[in-house]
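A.B. asks: Okay, here's the structure, questions in a sec.
The values are calculated or read from the model by the stated rules, or taken from the named source; none is laboratory data. Keep in mind that what you see is a predicted model, and the values were worked out from it rather than measured. Positions of Cβ are backbone-derived with ideal geometry, glycine not excepted, and every protein chain shown enters the neighbour counts.
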Amino acid sequence: METRKLQEVGGGTFTVSIPKGWATNHDLEVGMELQLYTHRDGSVLIRSSNADVNCLDEATVDFDGGGTEAVKRAVRTAHAVGFETITLRRVGTFSDAERKAVRSAVRGLVGTNILSESDAEITIRHLLDTSSVSVCQSIVQLQYVVVSLLRDATAAFVDAADTHARIRDRADEARRSAETVTRHFSRSLVSHAELDALGVSRPELFAYYAIARRLETVADQAVQIASTGEKLPEPPADEVATNVCSVADDVAGTVDDTVTAVLDKDMTKAQRARSQCDDAVEGIETVERRLYDESVGSVPTAVALSNVLSHLQRAADCGRSMADTAARTAIRAENIDT
């Protein structure tokens, strides 16, 4: 790192000299027009006029087949990177099934629409202005949906209820919120302006991204729990149901508290949430030991219960990871942000 003094020239203009070696290495020449950007964190970015500052404006994705799931993945992946306009270009002609799959994928993306279609091209546009987005609010919404989803999925399991479709719809809602956070995080990696528009710092956005990914995983576990309940020939015994609901409620509570600890940047809450995660895991292990030591009903019921406990364990592991994120966020806030 080199330092330079800010100097004043005629007319109240301030200048900072650039080392000649830097100018040479970056192909800067006398008289070249430079672009200056200021940011909310106090930094100033200087770029040459030929720099590709709009690199996230457009993307073309070539698609040479692979089925409807492949074309859905192509749409979601390009959207997650952060491109504003995405053109899918087909080698040959899009089939009716592929077009339907693209429309389905676009409906699942927040603020996105299809602009145009031809035989071999489909153009998609993201319409939301970043300045209208609250990443923090997306996390809060995701927190609420996932915590209630985990509890509802466990209730569906113990009742052997056919609620899989409703659970999956709510999990899709959670996925959309998580993908919104992922998109803005990806854009921030190449655009300081993205951070300014969002009104967050890069460390904050990274913490939100990490939390969103973990919450999305918890939502997936909830879907698996509900799906397992659909396959039960009859509900589990009352005592078993009570134990499973109890540990599931503990896991949901720890997930809720760890997200709150991240949002509040509170070390005490982070430490308490981590301790709650450990207690929840211990509770899962206790129920699991009973599964092998005592009779819990038929073999299908025992297998289903084992699977559910495994999914709850994964959800609790996500809680532990989020508690660690909360602790790092709190330490940073206490020692750097202040």
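A.B. asks: Looking at (1) modelled with pLDDT of 90 or more; (2) in the same structural domain as N307 (by TED's automatic domain parsing), find the lone condition where H164 falls short.
C.D. replies: (1)
A.B. asks: Please verify whether A207 is part of a helix (DSSP H, G or I), aliphatic (A, V, I, L, M), over 30 Å from V287 (Cα atoms) and over 17 Å from the mean Cα position of the chain (by Cα), treating the condition exactly as stated.
C.D. replies: Spelling it out, it is not the case that A207 is part of a helix (DSSP H, G or I), aliphatic (A, V, I, L, M), over 30 Å from V287 (Cα atoms) and over 17 Å from the mean Cα position of the chain (by Cα).
A.B. asks: Using beta carbons and a limit of 8 Å, which pairs, at least six apart or on different chains, have the first residue in segment 24-35 and at pLDDT 80 or above and the second one of a type in the set (D, E, K, R) and surrounded by 10 or more Cβ atoms within 10 Å (Cβ to Cβ)?
C.D. replies: Taking only residues 6 or more apart or on different chains, the pairs are L34/R47.
A.B. asks: A further question on this structure: List every residue pair whose Cβ atoms lie under 9 Å apart, where the two residues are 6 or more positions apart in sequence or sit on different chains, the first residue falls within segment 296-320 and is more than 10 Å from I225 (Cβ to Cβ), and the second residue, located anywhere, is outside any helix (DSSP H, G or I) and among the β-branched types (V, I, T).
C.D. replies: A302/V296; L305/V296
A.B. asks: For E2, are the conditions met, namely being in contact (Cβ under 8 Å) with a residue 12 or more places away in the chain, outside the structural domain of L88 (by TED's automatic domain parsing) and exposed (fewer than 13 other Cβ atoms within 10 Å of the Cβ)?
C.D. replies: Yes; evaluated as a whole, the condition is true for this residue.
A.B. asks: Kindly indicate whether any position in segment 286-298 is closer than 22 Å to I139 by Cβ, of a type in the set (A, V, I, L, M) and in a helix (DSSP H, G or I).
C.D. replies: no
A.B. asks: Here is a further query. Can you find, within segment 190-224, the residue that is farthest from A261 (Cα to Cα) among those that are of a type in the set (K, R) and surrounded by fewer than 19 Cβ atoms within 10 Å (Cβ to Cβ)?
C.D. replies: This residue is R202.
A.B. asks: In segment 74-101, which residues are among the charged types (D, E, K, R) and either under 15 Å from T112 (Cα atoms) or in contact with a strand residue (DSSP E or B) (Cβ under 6 Å, 6 or more places away or on another chain) (or both)?
C.D. replies: R76, E84, R89, R90, listed by residue number.
A.B. asks: Which of the following residues is in a helix (DSSP H, G or I), surrounded by fewer than 17 Cβ atoms within 10 Å (Cβ to Cβ) and touching a residue at least 24 places away in the same chain (Cβ under 8 Å): C277, C245?
C.D. replies: C245
A.B. asks: Among the residues in segment 286-305, are any assigned by TED's automatic domain parsing to the domain that holds D159 and within 19 Å of the chain's Cα centre (by Cα)?
C.D. replies: no
A.B. asks: Can you give me the number of residues within segment 153-192 that are more than 13 Å from G82 (Cα to Cα) and not basic (K, R)? Before the answer, list the steps.
C.D. replies: Of all residues in segment 153-192, those more than 13 Å from G82 (Cα to Cα) come to 153-178, 192.
Those still in the list that are not basic (K, R) too: 153-165, 167, 169, 171-174, 177-178, 192.
Qualifying residue count, segment 153-192: 22.
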